[in-house]
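What follows draws every value from the coordinates through simple rules; no lab data is involved. No experiment lies behind these values; they were computed from the predicted model shown. Quick reminder, even Gly has a Cβ in these numbers, built from the backbone with ideal geometry, and neighbours come from all protein chains shown.
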Amino acid sequence: MSKIVAIDGPAGSGKGTVAEILSKKCNLVNIDTGATYRCVALAMLRNNLTLDDRDKIIELSKNIDIKFGLNNEVYLNGEDVTKEIRSKEVTQIVSQVSSIVEVRKNMVELQRNLAKDYDAVMEGRDITTVVLPNANYKFYLDASLEARVNRRVKQNKEKNIDMSYDEIYENIKARDYNDMHKEVGSLMRTDDQIYIDSTNMTIDEVVDKMVNIIVSK
Ligand code: DC
């Protein structure tokens, strides 16, 4: 049976960076489930759909082809969209797109198929609870809102994504609320997750803590 490390947590908690390092250290395939919702949002924008076009978004999510490359590149219908899915336009609508129950159903199926047959680290909002509740290791990675906003500001600068501090603050606050109040697949804490508050930790400290837990269990 394959080994699965599941990580949930709010936007900006460091899940993406941690999962990337962990995947290399522990030889795991890295599956960024947020990227799958971002692909649906990007496809929706490209088809000139708005959030009111619910049925068309659901249809689109049913037939979408999403693949991950060896260096975490994301392919949407064969095209490398790694950068585009992080754009301001996608970031602003993705949480609402991911709230559509039928879209979630399609993405959860796609995510489970991606993890099948692999030792993997998978990060998102509902991995420990819905997508892979039987994962071998289940983490909830947290950090204060301020710390998460500051991290995202730095990250966006490095990636040349044009969003002001205030835009990022409001976006993360709104996404926190939306991600925690979904009909299905809400971000939540449970007793069987290992909780890590990374507010005052470096990425390396978080990774070391996780690796120690993984090798000792
Ligand atoms: O991790 P991220 O910021 O790339 O995720 C983008 C959005 O997708 C986020 O606002 C919530 C949603 N999401 C989700 O609902 N379930 C997941 N497993 C992963 C992400």
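Binned at 10 Å from 0, what are the whole-percent values of the Cα-Cα distance distribution for the chain, short to long?
Result, from short to long distances: 8, 35, 40, 15, 1 percent.
Over the chain, calculate the relative contact order: mean separation of alpha carbon pairs under 8 Å at least 6 apart, over the residue count, as a percent.
Relative contact order comes out at 34 percent.
Arrange the following residues from fewest to most other Cβ atoms within 10 Å of their Cβ: C39, C26.
Neighbour counts put them in this order, fewest first: C26, C39.
For region 1-83, which semi-axes, largest first and in whole Å, follow from the square roots of 5 times the eigenvalues of its Cα gyration tensor?
27, 14, 12
Using Cβ contacts closer than 10 Å as the measure, can you line up V101, V149 from fewest to most?
Exposure proxy ranking, most exposed first: V101, V149.
If each of Q92 and I213 carries a label point 7 Å out from its Cα toward its Cβ, how far apart are those two points in nm?
About 3.6 nm, to one decimal.
Out of the DSSP beta bridges found with both residues in region 1-124, what percent are antiparallel (nearest 5)?
Counting only bridges with both partners in region 1-124, antiparallel ones make up about 35 percent.
At what distance in nm do the modelled label points of K159 and L45 sit from each other, each positioned 7 Å from its Cα along Cα→Cβ?
It works out to 1.2 nm between the two label points.
Of all DSSP beta bridges in the chain, what percent run antiparallel (nearest 5)?
Bridges in the chain are about 25 percent antiparallel.
Provide the per-residue ³J(HN,Hα) series for region 146-155, in order, calculated from phi with Karplus coefficients 6.51, -1.76, 1.60 and θ = phi - 60°, each as a whole number of Hz, with x at glycine and proline positions.
Each residue's phi maps through the Karplus curve to give 4, 4, 5, 5, 4, 5, 5, 4, 5, 4 Hz.
Counting each DSSP H run of 4 or more residues in the chain as -39500 (n - 2.57), what helix-only mean residue ellipticity at 222 nm follows after dividing by all residues, to the nearest 500 deg cm²/dmol?
When only DSSP H runs of four or more count, the value is -15000 deg cm²/dmol.
Pairs to check: K24/K67; K15/K209; K116/K173; K3/K154. Give those whose C-alpha atoms are more than 24 Å from each other in this structure.
Correct reply: K116/K173; K3/K154.
Once the other residues with Cβ under 10 Å from the Cβ of V81 are scored (Lys, Arg +1; Asp, Glu -1), what is the net sum?
That sum, taken over residues with Cβ under 10 Å, equals 0.
Sort Y75, Y195, Y37, Y137 by Cβ crowding within 10 Å, fewest neighbours at the top.
Going from least to most buried by this count: Y195, Y75, Y137, Y37.
Please pull out the direction-averaged projected area of region 90-217, using the convex hull of its alpha-carbon atoms, in nm² to one decimal place.
Result: a mean projected hull area of 8.8 nm².
Within region 80-116, whose backbone N sits under 17 Å from a point 7 Å along Cα→Cβ of D52?
Only 97 fall inside the zone, counting backbone N under 17 Å.
Identify the trypsin sites (Lys or Arg not before Pro) of region 16-117 meeting these criteria: DSSP loop state and at most 13 other C-beta atoms within 10 Å of the C-beta.
Here the trypsin sites (Lys or Arg not before Pro) that fit, given the DSSP loop and packing criteria, are K83, K116.
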